[in-house]
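The values are calculated or read from the model by the stated rules, or taken from the named source; none is laboratory data. What you see is a predicted model; the values in this text were computed from it and never measured. FYI the Cβ positions are ideal-geometry reconstructions off the backbone, even for glycines, and counts take in every protein chain you see.
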Ligand code: THU
């Protein structure tokens, strides 16, 4: 399946995006939880920003993979997104479950993405994945429009 990308003519296969998330997961720094997460964020202009979770001995500063990807993109001036793929499991090569974005990451998505069209893909592999719209994962979300 291809993402329809806002009329800019760039198509990216879901499987490719999942593969990027699997690659990102290899850099996970997770000595405390032992849970390794990778994310790949697709911008509307067809760029992919990869992120992994980055933990900290003080726990609180830990950053999720999804937010790492978002903050990389936004800090480079990219603000419009179509989809994110997420893979997470106990550190190691086997990804045996679906890792859903935490509430904080969903809220960050709400800030920068259109809830009804932004796709969230949680995957075990390129063949086994589930696809949602952000609104499915964060119904009745509070976002920038509420402060207009
Ligand atoms: N984690 C993520 O990277 N993304 C999520 O949405 C859920 C949790 C990370 C944070 C922490 O490093 C580890 O998974 C266990 O919570």
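Criterion applied to 88, 92 was being closer than 25 Å to residue 34 by Cβ, within 11 Å of the ligand (Cβ to nearest atom) and either outside any loop (DSSP other than H, G, I, E, B) or in contact (Cβ under 8 Å) with a residue 24 or more places away in the chain (or both), and the one residue passing it is 88.
For the stretch 101-116, the criterion of being more than 11 Å from the ligand (Cβ to nearest atom) and farther than 18 Å from residue 143 by Cβ is satisfied by no residue at all.
Being touching a helix residue (DSSP H, G or I) at 6+ places or on another chain (Cβ under 6 Å) and either modelled with pLDDT of 95 or more or part of a helix (DSSP H, G or I) (or both): is that true of residue 67 here? Yes, satisfied.
When the residues of the stretch 46-74 are filtered to those that are touching a residue at least 40 places away in the same chain (Cβ under 8 Å) and more than 12 Å from residue 109 (Cα to Cα), the one that is farthest from the ligand (Cβ to nearest atom) is 46. Just name the residue that is farthest from residue 98 (Cα to Cα) out of those in the stretch 30-45 that are loosely packed, with under 14 Cβ neighbours inside 10 Å and more than 8 Å from the ligand (Cβ to nearest atom). Selected residue: 45.
Which count do you get for residues in the stretch 91-112 that are surrounded by fewer than 23 Cβ atoms within 10 Å (Cβ to Cβ) and touching a strand residue (DSSP E or B) at 6+ places or on another chain (Cβ under 7 Å)? Write out each step before concluding.
So the first thing to find is which residues in the stretch 91-112 are surrounded by fewer than 23 Cβ atoms within 10 Å (Cβ to Cβ), and the list is 91-98, 100, 102-104, 106-108, 110-112.
Add one more test, that the residue is touching a strand residue (DSSP E or B) at 6+ places or on another chain (Cβ under 7 Å), and what stays is 91, 95-98, 100, 112.
Number satisfying all stated conditions: 7.
Here the stretch 64-90 is the region considered, the condition is being surrounded by 16 or more Cβ atoms within 10 Å (Cβ to Cβ) and over 24 Å from residue 114 (Cβ atoms), and the residue that is nearest to the chain's Cα centre (by Cα) is 88.
Quick check on the stretch 2-25. Is at least one of its residues over 16 Å from the mean Cα position of the chain (by Cα) and modelled with pLDDT of 95 or more?
No: the stretch 2-25 contains no residue that is over 16 Å from the mean Cα position of the chain (by Cα) and modelled with pLDDT of 95 or more.
When you check residue 98 against the structure, is it farther than 20 Å from residue 14 by Cβ, in contact (Cβ under 8 Å) with a residue 12 or more places away in the chain, outside any helix (DSSP H, G or I) and more than 8 Å from the ligand (Cβ to nearest atom), yes or no? It is false that residue 98 is farther than 20 Å from residue 14 by Cβ, in contact (Cβ under 8 Å) with a residue 12 or more places away in the chain, outside any helix (DSSP H, G or I) and more than 8 Å from the ligand (Cβ to nearest atom).
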